[in-house]
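> This is the structure I have questions about; it appears just below.
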Amino acid sequence: MRKLVLAVAAIAGLAVGVQPAMAETNKVRLINLYALTLLPHYIVQDKQLIEKHAAGLGLTDVTVEFSRTPSAATANEALLTDTVDIVHAAMGPLLTIWDKTIARNKVKGMLGTAVCSQTLYTVDPRIKSLDDFQANDRIAMTDVKTSTQALILQMQAAKQYGWDNRFRYDPNMIAMDNNEGVAALLSGHTEVKSQMLTVPYSYIVEQAGARKIFTAKDLFGEMITATVLYGNQKFVDENPVLYQAVIAAFEEANEFVRNNKEEAAKIYVKYEPQKDGADFIVKLLQQEDTFRFSTTPIGFQRFADYMYESGLMKNKVEKWTDVFFDNVAGKPGN
């Protein structure tokens, strides 16, 4: 009888032990924005890398759903309402949602995907530097006040003119879609004669004669993370195998882009058609002094410190790794 009781207990213990694996879902939903810096996302999608790595980890019949939105705010709302599991956007939106969810169903970063240097261009012959902007001069960017572009200009203003003058350039900012802003900039017939851009738009306006007057590298001394994956703690806790598959998929995708620029460019134009085709994208991918693909998060601590000190975040980030899940702990980020 004692042996029978022990056997039953062992079986019960085994059943408890396998429950987390049985509970794991076989579906993951991702949402991304539109940008060349999101190229690894399209590699993952096109080559079904999540499914591949999930199968290698013993999780079969995995369904991966992809969607897109032009707005990081919309993507964050989808994450908060459990419409998606993973967002692929910029560091500002990640820090914002991390701050809002720190007490409940915490959202954290999973992996960086690209680094770049946001660049301010102008076609106004009067403007030679940031010092030359006057009240009526406009700087186009995707979002004002809290976008990565806006925060970079605020941080530069604080550095150059003092903390109390950090919003010096805010009145100059105007929110415009990248395509709309580039068209306005290059036409020369609107109030918008300056724009904060990254690839591919930075290359387009530079080739058309726009002048570079400031880059984020001037402020940070290096390129900073442009795009990052993030999701909520609940998904990660309940789906450790699928989460591992997602991480492995994006690590492979980043390596693929670095080593196979021509094929990567063809995949990009398949998902985001370009009038100049894949050859144009290859040229951009070769400009590694402007941007490159890296899974190491760069610049998070300085962004987080600024956002906290300026009141854009309620919670202080003691160390940049606090914003990320444990899988990034060994990366030389900052």
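> In the stretch 118-137, which residues are open to solvent by 60 Å² or more (accessible area, probe 1.4 Å) and hydrophobic (A, V, I, L, M, F, W, C)?
Within the stretch 118-137, 135 is the sole residue that qualifies.
> Test of understanding: among 158, 175, which residue is open to solvent by less than 30 Å² (accessible area, probe 1.4 Å) and of a type in the set (A, V, I, L, M, F, W, C)?
158
> Let me ask something additional. Please go through the stretch 154-191 and pick out each residue that is modelled with pLDDT of 95 or more and either among the β-branched types (Val, Ile, Thr) or in a strand (DSSP E or B) (or both).
Correct list: 173 only.
> Considering only the stretch 161-172, state which residues are acidic (Asp, Glu) and either surrounded by 14 or more Cβ atoms within 10 Å (Cβ to Cβ) or in contact with a strand residue (DSSP E or B) (Cβ under 7 Å, 6 or more places away or on another chain) (or both).
Correct list: 170 only.
Okay, residues lined up against (1) touching a strand residue (DSSP E or B) at 6+ places or on another chain (Cβ under 7 Å); (2) open to solvent by 90 Å² or more (accessible area, probe 1.4 Å); (3) farther than 28 Å from residue 58 by Cα; (4) modelled with pLDDT under 95:
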site: 239; (1), (2), (3), (4): no, no, no, no
site: 249; (1), (2), (3), (4): no, no, no, no
site: 287; (1), (2), (3), (4): no, no, yes, yes
site: 290; (1), (2), (3), (4): yes, no, yes, yes
site: 311; (1), (2), (3), (4): no, no, yes, yes
site: 318; (1), (2), (3), (4): no, yes, yes, no
site: 321; (1), (2), (3), (4): no, no, yes, no
site: 329; (1), (2), (3), (4): no, no, no, yes
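> Give me a count of the residues in the stretch 46-73 that are out of contact with any helix residue (DSSP H, G or I) (no Cβ under 8 Å at 6 or more places or on another chain), modelled with pLDDT under 95 and not hydroxyl-bearing (Ser, Thr, Tyr).
Looking only at that region, the number is 3.
> Name the single residue, out of those in the stretch 251-273 being among the basic types (Lys, Arg) and in contact (Cβ under 8 Å) with a residue 24 or more places away in the chain, that is most open to solvent (accessible area, probe 1.4 Å).
Here the residue is 270.
> Restricting the stretch 178-190 to residues that are within 24 Å of the chain's Cα centre (by Cα) and not small (Gly, Ala, Ser), which is surrounded by the most Cβ atoms within 10 Å (Cβ to Cβ)?
The extreme case among them is 182.
> Additional query: Within the stretch 217-256, how many residues turn out to be over 20 Å from residue 323 (Cα atoms) and out of contact with any Pro (no Cβ under 6 Å at 6 or more places or on another chain)?
Summing the residues that are over 20 Å from residue 323 (Cα atoms) and out of contact with any Pro (no Cβ under 6 Å at 6 or more places or on another chain) in the stretch 217-256 gives 12.
> May I pose another question? Condition (residue is open to solvent by 10 Å² or more (accessible area, probe 1.4 Å), in contact with a Phe, Trp or Tyr (Cβ under 7 Å, 6 or more places away or on another chain) and either touching a residue at least 12 places away in the same chain (Cβ under 8 Å) or of a type outside the set (Gly, Ala, Ser) (or both)) applied to the stretch 67-80: is it met by at least one residue?
yes
> Could you please find all residues in the stretch 49-102 being in a helix (DSSP H, G or I), among the polar types (S, T, N, Q) and over 18 Å from residue 236 (Cα atoms)?
74, 96 - these are the residues of the stretch 49-102 that are in a helix (DSSP H, G or I), among the polar types (S, T, N, Q) and over 18 Å from residue 236 (Cα atoms).
> Taking the stretch 282-334 only, how many residues are of a type outside the set (Phe, Trp, Tyr) and assigned to a loop (DSSP other than H, G, I, E, B)?
Number satisfying all stated conditions: 27.
> So how many residues does the stretch 32-80 have that are under 19 Å from residue 268 (Cβ atoms) and of a type in the set (Lys, Arg)?
So the count comes out to 2.
> Within the group 144, 115, which residue is among the hydrophobic types (A, V, I, L, M, F, W, C) and open to solvent by 10 Å² or more (accessible area, probe 1.4 Å)?
Residue meeting the stated conditions: 144.
> Also: So the check is Cβ under 8 Å with 6+ separation or different chains; which pairs have a first residue in the stretch 34-58 that's closer than 14 Å to residue 246 by Cα and a second one that's in a loop (DSSP other than H, G, I, E, B)?
Listed by first residue and then by second, the contacts come to 40/293; 42/272; 50/62; 51/62; 54/26; 54/60; 54/62; 55/62.
> Now a separate question. Tell me, please, whether a residue that is touching a strand residue (DSSP E or B) at 6+ places or on another chain (Cβ under 6 Å), open to solvent by less than 10 Å² (accessible area, probe 1.4 Å) and at pLDDT below 95 can be found in the stretch 274-285. Show your work before the answer.
Going through the stretch 274-285, the residues touching a strand residue (DSSP E or B) at 6+ places or on another chain (Cβ under 6 Å) turn out to be none.
Checked the stretch 274-285: no residue is touching a strand residue (DSSP E or B) at 6+ places or on another chain (Cβ under 6 Å), open to solvent by less than 10 Å² (accessible area, probe 1.4 Å) and at pLDDT below 95.
> Out of the residues in the stretch 97-112 that are small (Gly, Ala, Ser) and open to solvent by less than 50 Å² (accessible area, probe 1.4 Å), which is farthest from residue 199 (Cα to Cα)?
Filtering the stretch 97-112 for residues small (Gly, Ala, Ser) gives 103, 109, 112.
Filter again for open to solvent by less than 50 Å² (accessible area, probe 1.4 Å), leaving 109, 112.
Numbers: 109: 23, 112: 17 Å.
Out of the qualifying residues, it is 109.
The values are calculated or read from the model by the stated rules, or taken from the named source; none is laboratory data. A quick note: this is a predicted structure, and the numbers were derived from the prediction, not measured. As a convention, Cβ positions derive from the backbone with ideal geometry for all residues, glycine included, and neighbour counts pool all protein chains shown. We work out accessible area using only protein heavy atoms, side chains counted, and drop any ligands, DNA or RNA first. Shrake-Rupley method; radii C 1.70, N 1.55, O 1.52, S 1.80 Å.
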